[in-house]
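Participant: Attaching a single structure in structure tokens format; questions to follow.
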Amino acid sequence: MSSWRDLVVGTENCLWCDGLYDGMLSWTWAVGLWKEEKLCPQCYEKLEPITEIACEECGRPASSIWMPRTEKEVAGKEAGPGKKCFDCIRWAKGKPWDECSFQHRALYVYNPFMQELLSRFKYRGDVELATIFQWQLKKLARKLGTFEIVTTIPLKDKRHWERGFNQGDALSKQFSTTPLLQFKQSHSERKQSKRSREERIRDLKGVFQLKEEVIPLIKGKEVLIIDDIYTTGATLRSAAETLYCHGAKRVCTVTVARSTGELKVSTDK
Amino acid sequence: MLKRIYCYSLLSISGLLFAFIGTSIWSWSFTVLGFLPLIISIKNRKDCLSLLFGFFILGVFYLYGQWSIDQSKSSYYGDELGFIGKVITEPMITTTGNWSYEIKEKSGEKLQAFSRTDLGPPLFGETCYFEGELQTPSPTRNPYGFEYDIYLKQKGIHWILNTKNLQCSTYLEPKKWSIDTTLRKLRIAGIDGVMDIDTNNEASSIIVALVFGERQFLTDERITSYRQLGVLHLLAVSGLHVGLVIFAINYILSRFGLTNRMTSIILILFLPLYIVIAGGAPSVIRASLMSMTFLIVSTVRWKLKGIDVISLICIALLLYDPFLIFHLGFQLSFLTSFALIVSSKLFLVKNPFRLLMKVTFVAQLISLPLTLYHFYEISLLTLPVNLVLIPFISLWILPLSFLTVILHYTIPPLTVLPYHFISFSLKVVHYMMDSIVSWNWDMVVFGKPSNWMTIILFITIILYFIVLESNKRINSMLIGALLTFLLFFQLLTPYFRTYATITVLDVGQGDAIVVELPRRKGVYLIDTGGVIRWGEVEDANSSGPGKRVIEPFLKGNGVSKIDKLILTHGHQDHIGEVCVIVEAFKVETAYYPLSNDIPEEARSKLECILEKGIPLVRMKEGDNWMVGGQRFVVIHPQGHEMEENERSIVIYARIEGITFLFTGDIEVESEKRIVRDYATLDVNILKVSHHGSRSSSSESFLNLTNPNVAVISAGRNNIFGHPHSEVIERLHSKGIIIYRTDQNGAVQMKIKEKKLKINTLQ
């Protein structure tokens, strides 16, 4: 009886903290304009949306351009505001990025909250958390243009068995995805998150290959890849490279989180 | 699919509207309002199902509406004389002193029955044999008048039964005890009991209205003052009352140590009884059903949202009685509750006063278009008056009223105590309300907004709520400005009208003519009509043409100020409603003919004018004025006429190039005088003198004026036999087109640059 207001207004449980919060009831919702939220306002505030980007290519958030101290001045000169960050310049020195375009966008900064959220989602199997981002990803992808094919990064069979689901597939529920990629047989078994940048780039060079049956589909197509996080970009660039090799016209990627570097440094210690 | 149940209730309303009133703008608006959120929120294929379901609901309710119309189709021819039927509403005394109630005949057809008081009323729920004649309800005879035929049709009633004789005892069904009849008896006993405490005290009628939802004991003036100040909702048993009842019972029961669950169960069982006790109006049913649903939901720990509950209850009520969509109480109750639920985001304030302010603001704003559509005016003081009266009524008068009634049932001697508290405080508050109402400056008369305007206002207000939620200052100011603009547009439309309108209203036997000049350069009322009464004088305000015809007509047209109130002479059927008119409108100047003496019956009326501080000018031949190119010349009286009719003011007017002669009640003598004094007096439109009496409209006068059109204002079946056949004959022989208010209803003439268009209501 005490909570008449809750009864009338209708409350929702936050997907993260399970706390009650006022539902989406509002005039905005009533006319059909409301985007569904799954988190309570308090938890929602802990997410750091990327509103401004510093790099047109990898979508690095303007709020924190983390770079090795020694290279910073170079980056400042060559990148220019809103152009290309040091990272992407580095990538562009090698093949195929000297001639192929690459565009990445992410929803949120990979801050401690996001780190917790993603680990609960991925490693502890709270798949429902993916629903927070499904729509937002769709919206984000729309900003990059239209795509004929949408795909995700595959998981190693063993890892898939451990986890029970593919995080990319869970996040891309609002797209109709086509599985394109698979691992080459020789690939190492170590988790991506346990390695350094150089290791990753080296290891991932040519780690993906296209499934036989989809090879003819790719030529001249615009492809979107969906994943949970962009750290160094090694995985996504490697996947994109594979697609470019088979004649894709344009490859773009979107992820939920975008690492800015600070966090990585602090957690590495 | 079931995320937006409110869309389905909108679509069910739309379906019913398509069935009842066809493809009007209202039907389409509800279709759009219902489908739009469904369409906008489509995100995947599954959501399309909801659209499909929406179409299904629309179709089902369309068919249901058609079926209901078929069901309510009349099986009578009008010449039946005897009926056996059950009384299905509480009999009430009408202003004309008859019992009024609805009966349901054996075939299922409903009739509106009237019977004389000396027959005694039948009891509610009784089956009786009725003897009497059927009569079709008459359509409205004046613009913005009460559409009685439509009102009844929307209740599924096609005939009025004027009962001459009724027998109930022989048709009594075997006595069956039912909780329903017991409760009703208890209710009536309670009403009588409270009224018996002090019949003449307004406190009694207010208590009856608040506790039993029965307003018939309130005077029309009291209801009007509550309505004008926008607090009439307080007298309707609604959410506030039900909430208070629940709170009180819950409090008492928990004091007795009952568990929450037990209390809820008791309340769930009690609320249906409360619906009956409180009179069963749609607002009571809505509020009680919602509370019951919430109680059930909270005891079984379901999750159901308020907006879904109200939507489902709306659909359920419409299934129970589809004609409810035309019920103003139903419309207002659901509209405001829906708005309040959806606006919950705006109510996140701790301060109870600010909360009350916001709630009142939202409720008043969302009901504004509907209020204007039905009542044409609104008080600027609505918000502050609500802020004072809501706590006063709901926290003070209402609990005391309940206490009075409970004490009356249990310990009658103690009833006096709370009663006197109510009586005293109500007197103070009503005194203040009355003085506010009599100031009149706060009333803004918008006129009746068109259907389009009403819908645009609704949309703008919803937009306003949306931007208020988003907390964007600039946007909300923008929409607020748009809303203000729309309201001003509505207010100022008459000032841009380029044509003049002259309306001869049908006030029964009597005259009332409204002259509206182009661009609102002037609004003149020539005579006020009036009821001729024989024997004792009854309450003159209640049912006269002033309240019933002139006020709605003027207010519907957005008139709040009468520039010239011209009283042609001192007879009751011409000036009878003066007091009502000066009370309801600002009158710039009043005119009365120059004469040797003023008849007794006119004196009290003229006093009303002087009391209001309105200058009273005596008019005589030769007076004239000109406004915006329209010319008015008074050609009669000279001031020494002896007979009252002959003293009538006669005005010759040239409006937009068309000439009029408003003749009052002059008779042959004055006509002769005019013929003698005026060599030429060519008139296009003649208001035939003295309701078409034989003693007026002489041959020579008609020859002088030579009108194209004659308008006769006379009452239907009047006892004087006006208009006289000789006069009609005379007019016909001259090829004059005749319009008669007794046959045509109100006659409305629109004139623009010498072009004339005449409309009648029937």
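Participant: Pick out the one residue from B:G15, B:G97 that is more than 14 Å from every other protein chain (Cβ to nearest Cβ) and surrounded by 21 or more Cβ atoms within 10 Å (Cβ to Cβ).
Facilitator: On the way: B:G97 fails: surrounded by 21 or more Cβ atoms within 10 Å (Cβ to Cβ).
The conditions single out B:G15.
Participant: Does B:S648 satisfy the criteria of being small (G, A, S), under 37 Å from the mean Cα position of the chain (by Cα) and surrounded by 22 or more Cβ atoms within 10 Å (Cβ to Cβ)? Quick ask: steps written out before the conclusion?
Facilitator: Numbers: small (G, A, S): yes; under 37 Å from the mean Cα position of the chain (by Cα): yes; surrounded by 22 or more Cβ atoms within 10 Å (Cβ to Cβ): yes.
When the stated conditions are applied, B:S648 passes them.
Participant: Take the conditions open to solvent by less than 10 Å² (accessible area, probe 1.4 Å), aliphatic (A, V, I, L, M), under 26 Å from B:R519 (Cα atoms) and part of a loop (DSSP other than H, G, I, E, B) and apply them to B:V711. Does it pass?
Facilitator: Working: open to solvent by less than 10 Å² (accessible area, probe 1.4 Å): yes; aliphatic (A, V, I, L, M): yes; under 26 Å from B:R519 (Cα atoms): yes; part of a loop (DSSP other than H, G, I, E, B): no.
No: the conditions fail for B:V711.
Participant: Only one of B:L346, B:L304 is over 17 Å from B:G280 (Cβ atoms), within 14 Å of chain A (Cβ to nearest Cβ) and free of Cβ contacts under 8 Å to residues at least 60 places away in the same chain. Can you tell me which?
Facilitator: Within the list B:L346, B:L304, the selection yields B:L304.
Participant: Return the residues of segment B:20-53 that are within 12 Å of chain A (Cβ to nearest Cβ) and more than 30 Å from B:Y373 (Cα to Cα); say none if nothing qualifies. Break it down stepwise before answering.
Facilitator: Filtering segment B:20-53 for residues within 12 Å of chain A (Cβ to nearest Cβ) gives B:32-47, B:50-51.
Across segment B:20-53, the qualifying residues are B:S41, B:I42, B:K43, B:N44, B:R45, B:K46, B:D47, B:S50, B:L51.
Participant: Report, by residue number, each residue of segment A:126-140 that is within 14 Å of chain B (Cβ to nearest Cβ) and of a type in the set (G, A, S).
Facilitator: If the condition is that a residue be within 14 Å of chain B (Cβ to nearest Cβ) and of a type in the set (G, A, S), then no residue fits.
Participant: Any idea which residue in segment A:23-49 is nearest to B:L468 (Cα to Cα), counting only those that are at pLDDT 80 or above, in a loop (DSSP other than H, G, I, E, B) and more than 8 Å from every other protein chain (Cβ to nearest Cβ)?
Facilitator: A:C40
Participant: Another question, then. For B:Y419, work out the one condition from (1) among the aromatic types (F, W, Y); (2) in contact (Cβ under 8 Å) with a residue 60 or more places away in the chain; (3) open to solvent by 70 Å² or more (accessible area, probe 1.4 Å) it doesn't fulfil.
Facilitator: That leaves (3) as the condition not met.
Participant: Hey, another quick one. Just one of (1) within 24 Å of B:F326 (Cα to Cα); (2) more than 14 Å from chain A (Cβ to nearest Cβ); (3) in a helix (DSSP H, G or I) trips up B:A287, so point out which.
Facilitator: So the condition that B:A287 fails would be (2).
Participant: Okay, next question. In contact (Cβ under 8 Å) with a residue 40 or more places away in the chain and open to solvent by 70 Å² or more (accessible area, probe 1.4 Å), is that true of B:Y76? Step through it out loud before you land on a result.
Facilitator: On the way: in contact (Cβ under 8 Å) with a residue 40 or more places away in the chain: yes; open to solvent by 70 Å² or more (accessible area, probe 1.4 Å): no.
No: the conditions fail for B:Y76.
Participant: Being touching a Ser or Thr at 6+ places or on another chain (Cβ under 9 Å), without any contact (Cβ under 8 Å) to a residue 40 or more places away in the chain and farther than 10 Å from B:L289 by Cβ is the filter here; which residues of segment B:307-330 pass it?
Facilitator: Within segment B:307-330, just B:D321 meets the criteria.
Participant: Only helices (runs of 4 or more DSSP H) wholly contained in segment B:328-394 count here; list those with 2 or more residues that are surrounded by fewer than 16 Cβ atoms within 10 Å (Cβ to Cβ). Even if it seems obvious, please write down each step before you answer.
Facilitator: On the way: elements: B:328-342, B:352-375, B:382-391.
Where helices (runs of 4 or more DSSP H) fall fully within segment B:328-394 and carry at least 2 residues being surrounded by fewer than 16 Cβ atoms within 10 Å (Cβ to Cβ), they are B:352-375, B:382-391.
Participant: Hey, any hits in segment B:169-192 for a residue that's more than 34 Å from the chain's Cα centre (by Cα), among the small types (G, A, S) and surrounded by 13 or more Cβ atoms within 10 Å (Cβ to Cβ)? So that I can check it myself, show each step before the final result.
Facilitator: From segment B:169-192, those more than 34 Å from the chain's Cα centre (by Cα) are B:169-179; that's our starting set.
Going one step further and asking which of them are among the small types (G, A, S), we end up with B:169, B:178.
Now restrict to residues that are surrounded by 13 or more Cβ atoms within 10 Å (Cβ to Cβ): none.
Looking for residues that are more than 34 Å from the chain's Cα centre (by Cα), among the small types (G, A, S) and surrounded by 13 or more Cβ atoms within 10 Å (Cβ to Cβ), one finds none in segment B:169-192, hence no.
Participant: Further question: So which of B:L111, B:L58 is open to solvent by less than 50 Å² (accessible area, probe 1.4 Å), touching a residue at least 24 places away in the same chain (Cβ under 8 Å) and assigned to a helix (DSSP H, G or I)?
Facilitator: Values: B:L111 fails: assigned to a helix (DSSP H, G or I).
Within the list B:L111, B:L58, the selection yields B:L58.
Participant: Right, next: Test each condition in (1) over 30 Å from B:S401 (Cβ atoms); (2) modelled with pLDDT of 85 or more; (3) open to solvent by less than 20 Å² (accessible area, probe 1.4 Å) for B:I206 and report the one that comes out false.
Facilitator: (1)
Participant: Now a separate question. List every residue pair whose Cβ atoms lie under 9 Å apart, where the two residues are 6 or more positions apart in sequence or sit on different chains, the first residue falls within segment B:254-277 and is away from every other protein chain (no Cβ under 14 Å), and the second residue, located anywhere, is open to solvent by 90 Å² or more (accessible area, probe 1.4 Å).
Facilitator: From residues that are away from every other protein chain (no Cβ under 14 Å), the pairs are B:L273/B:I179; B:V276/B:I179.
Participant: Here is a follow-up. Any chance you could count how many residues in segment B:307-342 are at the interface with chain A (Cβ under 9 Å from one of its Cβ atoms) and either in contact with a strand residue (DSSP E or B) (Cβ under 8 Å, 6 or more places away or on another chain) or more than 27 Å from B:F375 (Cα to Cα) (or both)?
Facilitator: Result for segment B:307-342: 3.
Participant: Go through segment B:549-577 and give me each residue that's within 30 Å of B:E646 (Cβ to Cβ) and part of a helix (DSSP H, G or I). Full working, then the answer.
Facilitator: At the first step, the residues of segment B:549-577 found to be within 30 Å of B:E646 (Cβ to Cβ) are B:549-550, B:553-554, B:562-577.
Within segment B:549-577, B:V549, B:I550, B:F553, B:L554, B:Q572, B:D573, B:H574, B:I575 meet the criteria.
Participant: Could you say whether any residue in segment B:375-393 is more than 30 Å from B:T454 (Cβ to Cβ) and away from every other protein chain (no Cβ under 14 Å)? Working first, answer last.
Facilitator: Initially, segment B:375-393 is screened for residues more than 30 Å from B:T454 (Cβ to Cβ), giving B:391-392.
Subset that is away from every other protein chain (no Cβ under 14 Å): B:391-392.
Looking through segment B:375-393, at least one residue is more than 30 Å from B:T454 (Cβ to Cβ) and away from every other protein chain (no Cβ under 14 Å).
Participant: Additional query: Give the residue, chosen from B:F270, B:F323, B:F294, that is modelled with pLDDT of 90 or more and farther than 29 Å from B:W26 by Cα. Break it down into steps so the answer makes sense when it comes.
Facilitator: Details: B:F323 fails: farther than 29 Å from B:W26 by Cα; B:F294 fails: modelled with pLDDT of 90 or more.
Of B:F270, B:F323, B:F294, the one residue that is modelled with pLDDT of 90 or more and farther than 29 Å from B:W26 by Cα is B:F270.
Participant: Here is a further query. Go through (1) surrounded by 13 or more Cβ atoms within 10 Å (Cβ to Cβ); (2) modelled with pLDDT under 80; (3) more than 24 Å from A:S238 (Cβ to Cβ) and name the single condition A:D87 misses.
Facilitator: (3)
Participant: Also: Return the residues of segment B:18-34 that are buried (at least 20 other Cβ atoms within 10 Å of the Cβ) and within 30 Å of A:K138 (Cβ to Cβ); say none if nothing qualifies.
Facilitator: Selection gives B:T31, B:L33, B:G34.
Participant: Every residue in segment B:671-697 that is assigned to a loop (DSSP other than H, G, I, E, B) and open to solvent by less than 20 Å² (accessible area, probe 1.4 Å), please.
Facilitator: At the first step, the residues of segment B:671-697 found to be assigned to a loop (DSSP other than H, G, I, E, B) are B:678-684, B:688, B:693-697.
Residues satisfying the conditions are B:L681, B:V683, B:V688, B:S693, B:S696, B:S697.
Participant: Please count how many residues of segment B:441-494 are more than 21 Å from B:I341 (Cβ to Cβ), outside any helix (DSSP H, G or I) and open to solvent by 40 Å² or more (accessible area, probe 1.4 Å).
Facilitator: Of the residues in that region, 4 qualify.
Participant: Suppose we keep only residues that are of a type in the set (S, T, N, Q) and within 14 Å of chain A (Cβ to nearest Cβ) within segment B:460-508. Which one would you say is nearest to B:Q762 (Cα to Cα)?
Facilitator: B:T460
Participant: Does B:T181 satisfy being touching a Gly at 6+ places or on another chain (Cβ under 7 Å), at pLDDT 85 or above and closer than 26 Å to B:D321 by Cβ? Give the steps one after another, and end with the answer.
Facilitator: Values: touching a Gly at 6+ places or on another chain (Cβ under 7 Å): yes; at pLDDT 85 or above: no; closer than 26 Å to B:D321 by Cβ: yes.
Against the criterion (touching a Gly at 6+ places or on another chain (Cβ under 7 Å), at pLDDT 85 or above and closer than 26 Å to B:D321 by Cβ), B:T181 does not qualify.
The values are calculated or read from the model by the stated rules, or taken from the named source; none is laboratory data. Computed from a predicted structure; not experimentally measured. Every residue, glycine among them, receives a Cβ derived from its backbone with ideal geometry; neighbour counts consider all protein chains shown. To get the accessible areas, we keep the full protein, side chains included, count just its heavy atoms, and leave off ligands, DNA and RNA. Shrake-Rupley method; radii C 1.70, N 1.55, O 1.52, S 1.80 Å.
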